[in-house]
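Student: Below: one structure in structure tokens.
The values are calculated or read from the model by the stated rules, or taken from the named source; none is laboratory data. These numbers were taken from a predicted model, which means no experiment stands behind them. Using ideal geometry, Cβ is built from the backbone for each residue, glycine included, and neighbour counts are taken over all protein chains shown. Please note that ligands, DNA and RNA were not included when accessible areas were found on the heavy atoms of the full protein model with its side chains. Shrake-Rupley method; radii C 1.70, N 1.55, O 1.52, S 1.80 Å.
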Amino acid sequence: MNASAAAGLSRPSRALRYPAAAGRCLVDPLSPVGGMTGAERTARIAARPYAVLRPVRTDRLSSDGAEDPLPEGLPDGNLEQDRAPSPHAGERRTGGGIPAAPGPATRSGTAWLPDRTAGPAGVLLDMDDTLVDFRRASPAALAEVLGPESDFATWMALTDRWYPRFTSGELSYRALERNRLADMLTVLGRPVPGTAELDELDARRKQAVESRLRLYPDVLPFLRRTRAAGYRIGILSNSDGVQQRRRIAQLGLEPWLDAITVSSESGLAKPSPESFALACGRLGTPPERTVHIGDSLEYDALGARQAGLAAVWLCRNPLDAVPAPAGMTTVESLDAVFR
């Protein structure tokens with residue numbers, strides 16, 4: 001989820017599908033700067049029907065694969081993995097934040113990259129929980145900053161409630177973060193400070209997250225063989241540009257990338273077709289010869305398919321419960337792509 005740790009996040013340059021806002025981020029009435037008293041905020045939060053997230057199993061996680069050596073001079077990507085199971089590892093939510101009904105996902109097992117014989121071809125990749133093991137880092141960071149009583153399932157339910165307002169252009173990413181944190185403090189029964197204190201507290205949380213971030217073990221082998229085959233590689237992320245570029249550098253991804261597109265910089269967020277078109281343009285590959293790979297069914301897979309790209313839905317946890325739509329290519333590892 002996922003900014004400069006101290007300075008916060010920049011506002012999207014223009015909003016999508018929200019003409020009334022005219023590119024302007026609105027002040028939410030629940031925001032600490034929105035005029036609501038603490039008592040009113042508490043009453044409103046208590047009245048919200050937060051998603052009840054089902055218990056999850058943590059005994060079936062993706063296993064570490066053996067790594068072949070990297071080419072000389074390229075970074076190792078910080079591959080040492082913290083294998084502690086995530087308390088959120090088995091949950092797959094819909095766009096509204098409510099867990100889907102249990103049921104095995106349909107998986108094709110193998111995905112193929114676009115044909116390069118007709119011209120340049122490329123791969124666009126989501127970042128968090130696609131390349132970066134965010135679902136392990138975030139719960140521990142939240143507990144470190146807010147205490148062990150901070151329930152990560154509640155945090156994710158709050159994320160799912162505010163996130164669509166960011167992707168629609170109604171709120172900036174910084175506003176999303178402030179409102180989510182203010183809601184979490186309210187749920188914990190703590191006072192909500194002003195914006196400066198909220199930003200400082202969230203900066204501490206993000207620093208704690210980044211100290212724990214690791215690439216999944218299949219990422220660098222995938223990038224290596226994709227680059228060797230002559231494909232162009234880019235990242236398309238719904239997040240803050242300063243934050244994601246810092247993490248890309250921190251994890252050693254820069255040498256592998258031809259283009260980076262982040263929603264806070266472009267003002268275009270997945271699943272809008274415009275965001276995929278922009279990323280393809282920067283990558284220098286037409287949509288019909290570009291594949292997008294990501295962990296979100298709604299934002300990544302369905303968004304890419306609607307925009308005319310080949311789509312691969314990456315479900316890393318075999319317990320993720322949403323069945324794949326008809327015709328959707330679904331894999332559990334990047335090892336199954338172009339294999």
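Student: Here are Ala301, Ala310: which of them is touching a Phe, Trp or Tyr at 6+ places or on another chain (Cβ under 6 Å), at pLDDT 95 or above and among the aliphatic types (A, V, I, L, M)?
Tutor: Result: Ala301 is the single residue among Ala301, Ala310 that is touching a Phe, Trp or Tyr at 6+ places or on another chain (Cβ under 6 Å), at pLDDT 95 or above and among the aliphatic types (A, V, I, L, M).
Student: I'm trying to understand the selection: among the residues of the range 175-193, which are of a type in the set (A, V, I, L, M) and part of a helix (DSSP H, G or I)?
Tutor: If the condition is that a residue be of a type in the set (A, V, I, L, M) and part of a helix (DSSP H, G or I), then Ala175, Leu176, Leu181, Ala182, Met184, Leu185, Val187 are the ones that fit.
Student: Right, something else. Can you tell me which of (1) at pLDDT below 95; (2) under 18 Å from the mean Cα position of the chain (by Cα) is the one Phe338 doesn't meet?
Tutor: All conditions are met except number (2).
Student: Out of all the residues in the range 280-301, which are over 12 Å from Pro114 (Cα atoms) and within 16 Å of the chain's Cα centre (by Cα)?
Tutor: Once the filter is applied, which keeps residues that are over 12 Å from Pro114 (Cα atoms) and within 16 Å of the chain's Cα centre (by Cα), the range 280-301 yields Ile293, Gly294, Asp295, Ser296, Leu297, Glu298, Tyr299, Asp300, Ala301.
Student: Another question, if that's okay. So which residues in the range 160-174 are open to solvent by less than 20 Å² (accessible area, probe 1.4 Å) and in a loop (DSSP other than H, G, I, E, B), if there are any at all?
Tutor: Gly169, Leu171, Ser172, listed by residue number.
Student: Take Ala157 and decide whether it is farther than 17 Å from Asn317 by Cα, open to solvent by 30 Å² or more (accessible area, probe 1.4 Å) and modelled with pLDDT of 90 or more.
Tutor: It is false that Ala157 is farther than 17 Å from Asn317 by Cα, open to solvent by 30 Å² or more (accessible area, probe 1.4 Å) and modelled with pLDDT of 90 or more.
Student: Among the residues of the range 107-143, what is the count of those that are open to solvent by 10 Å² or more (accessible area, probe 1.4 Å), over 16 Å from the mean Cα position of the chain (by Cα) and not acidic (Asp, Glu)?
Tutor: Of the residues in that region, 14 qualify.
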